[in-house]
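**Q** Take a look at the following structure, please.
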Amino acid sequence: MKKTTETNVPQAALEGSMRDFRVISGDNLVERCDQFFNWQDTRRQSGTWPFSRATEQGPAASCAVRDDTGVLAEGVNFASQDYLSLSSHPAVHEAAQAAIRDFGVHSAGSPALVGNISTSIMLERRIADFLQMEEAILFPTGWAAGFGVIKGLVRSSDYIVMDALSHACLQTGAQASTRNVLLYRHNNLEHCRERLASIRAKDTENAIMLVTEGLFSMDSDTPDIEGLQELANEYNATLMVDVAHDFGNLGEDGSGHIGIQNMLGKVDLVMGSFSKTFGSNGGFVATNSRALKEYLRFYSPSCTFSNAMSPIQIATVSKALDIIQTQEGKQLREKLMMNVLSLREKIRERGMDVYGDPSAIVAVKTGDEGLARMTARLLPQVGLLANLVEFPAVQKGQARFRLQVMANHSEQEIEAAASRIDYAMNMAGHQLELVNKGEAAETPVALAS
Ligand SMILES: Cc1ncc(COP(=O)(O)O)c(C=O)c1O
């Protein structure tokens, strides 16, 4: 291992969190952003700010990324969410090019006006059929769908009962809709029941939306969907499940945990994203009610007042769906799961641990934020692109590296990911000791094998 210049990592770069700047004060909206920027820049300058990086060639299994100081890093890429590797599939590219020929590049309007194209309507039908639901409606992104399904349906006198770890789009949608938001402990049906019962004990006039995810993206775990639907039925609530991370890539037919739990067609509302498995951007809500679909179209602001998915996105997602529903899709899911199991095993063999159950999200337990940031500083140098997740996205002291596995990762790339994160975490531990003693941490430059 060669050693280059010594880099000081100030304590300030290892302390604090984004939570500290969520509420900022000061009489000038522009100037008060400096509070955040100063802290962020302390981290940026010490290499402990591993966010806002841009790929040079798109989300390939191995690729180069440039950080926002202009520094280029190359390595195996476990930081992109292209789970079945469909964004680089030749048939998907051909479909996108054909869409430009046939429809141009722009949707040029909201789906409530004339923003949809004929193939958008076909995609809605196919998503509904895949989930064995009556109807589906498209949104410009998954975020817009998650926010919009809640904001579109829930009014200020209604209630939301939500898993405490639900995604930001769901939490923001809930906050924008009502003050009556009750969180229940993650995947805890008994606590969920208590929340529902407490509402119905005093209010039988207003509605309740019960919100969860099919696969939680920080913990790689799954709720008892049937149990939640039964609770919803019992307390006259409407269940909404966000399937952004499992739909298309999990289960024999790709129908995700709803399919695995034999709940296709039986969940009140299913919301998803095309940004993980379908090689594009976009989102949807599926329902058994035509009336609810029509209501969303005109009362869900992120649908009504936002341009429809573009022709290129519609073609990309439609072709990805073709593949997902064929033998090739099944093989890609099998390859993805082989990679996932292999990565989890290789990580554990090296004495580290991962969260949750096997899925495309392999979250490596790291713990202390200081250790995690020192590790993040080393990863680009040892040739591993992985996303750091820290408080407030997860609890304090439970920082982790979320490795997102893709079907076209090779066995060598999986091996490299495991050995490089192991090496970086060990090296970071030594460096953290030095930094805590007020000494400089050395910066290694060499690729671990
Ligand atoms: C659980 C969940 N829901 C919704 C979204 C938003 O999806 P999109 O990237 O399509 O906006 C994400 C993506 O981060 C997600 O993880």
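The values are calculated or read from the model by the stated rules, or taken from the named source; none is laboratory data. This structure is a prediction, so every number in the text was calculated from the model and none was measured. For neighbour counting, all protein chains shown are included, and Cβ atoms are generated from backbone atoms with ideal geometry for every residue, glycine included.
**Q** Among GLU234, GLU213, GLU226, which is the only one that is within 16 Å of the ligand (Cβ to nearest atom) and acidic (Asp, Glu)?
**A** Numbers: GLU234 fails: within 16 Å of the ligand (Cβ to nearest atom); GLU226 fails: within 16 Å of the ligand (Cβ to nearest atom).
The conditions single out GLU213.
**Q** Report yes if some residue within the range 166-176 is within 16 Å of the ligand (Cβ to nearest atom), of a type in the set (Gly, Ala, Ser) and more than 17 Å from the chain's Cα centre (by Cα); otherwise report no.
**A** yes
**Q** Suppose we filter the range 289-313 for residues that are away from the ligand (no atom under 14 Å from the Cβ), over 14 Å from ALA136 (Cα atoms) and in a helix (DSSP H, G or I); how many remain?
**A** Of the residues in the range 289-313, 6 are away from the ligand (no atom under 14 Å from the Cβ), over 14 Å from ALA136 (Cα atoms) and in a helix (DSSP H, G or I).
**Q** Take the range 281-322 and flag every residue that is crowded, with 24+ Cβ neighbours inside 10 Å and either out of contact with any Gly (no Cβ under 7 Å at 6 or more places or on another chain) or of a type in the set (D, E, K, R) (or both).
**A** GLY282, VAL285, ALA286, THR287, SER310, ILE314, ALA315
**Q** Residue under question is ALA286, and the condition is that it be within 16 Å of the ligand (Cβ to nearest atom), under 22 Å from the mean Cα position of the chain (by Cα), at pLDDT 95 or above and farther than 24 Å from ALA393 by Cβ; does it hold? If you could, list the steps in order and put the result at the bottom.
**A** On the way: within 16 Å of the ligand (Cβ to nearest atom): yes; under 22 Å from the mean Cα position of the chain (by Cα): yes; at pLDDT 95 or above: yes; farther than 24 Å from ALA393 by Cβ: yes.
In short, yes.
**Q** Separate question: Return the only residue of GLU205, GLU230, GLU190, GLU226 being surrounded by fewer than 18 Cβ atoms within 10 Å (Cβ to Cβ) and either among the basic types (Lys, Arg) or assigned to a loop (DSSP other than H, G, I, E, B) (or both). Walk me through it before giving the result.
**A** Working: GLU230 fails: either among the basic types (Lys, Arg) or assigned to a loop (DSSP other than H, G, I, E, B) (or both); GLU190 fails: either among the basic types (Lys, Arg) or assigned to a loop (DSSP other than H, G, I, E, B) (or both); GLU226 fails: either among the basic types (Lys, Arg) or assigned to a loop (DSSP other than H, G, I, E, B) (or both).
One residue alone meets the criteria, GLU205.
**Q** Under the condition of being touching a strand residue (DSSP E or B) at 6+ places or on another chain (Cβ under 6 Å) and of a type in the set (A, V, I, L, M), which residue from the range 162-176 is nearest to HIS186 (Cα to Cα)?
**A** Step by step, filter the range 162-176, then rank; the result is ALA164.
**Q** Being of a type in the set (Gly, Ala, Ser) and in contact with a Leu (Cβ under 9 Å, 6 or more places away or on another chain) is the filter here, so list the residues in the range 290-314 that pass it. I'd like the intermediate steps shown before the answer.
**A** Of the range 290-314, the ones of a type in the set (Gly, Ala, Ser) are 291, 300, 302, 306, 308, 310.
Scanning the range 290-314 gives SER300, ALA308.
**Q** Now for a separate question. For residues that are part of a strand (DSSP E or B) and either surrounded by fewer than 21 Cβ atoms within 10 Å (Cβ to Cβ) or without any contact (Cβ under 8 Å) to a residue 60 or more places away in the chain (or both), tally how many sit in the range 239-267.
**A** So the answer is 2.
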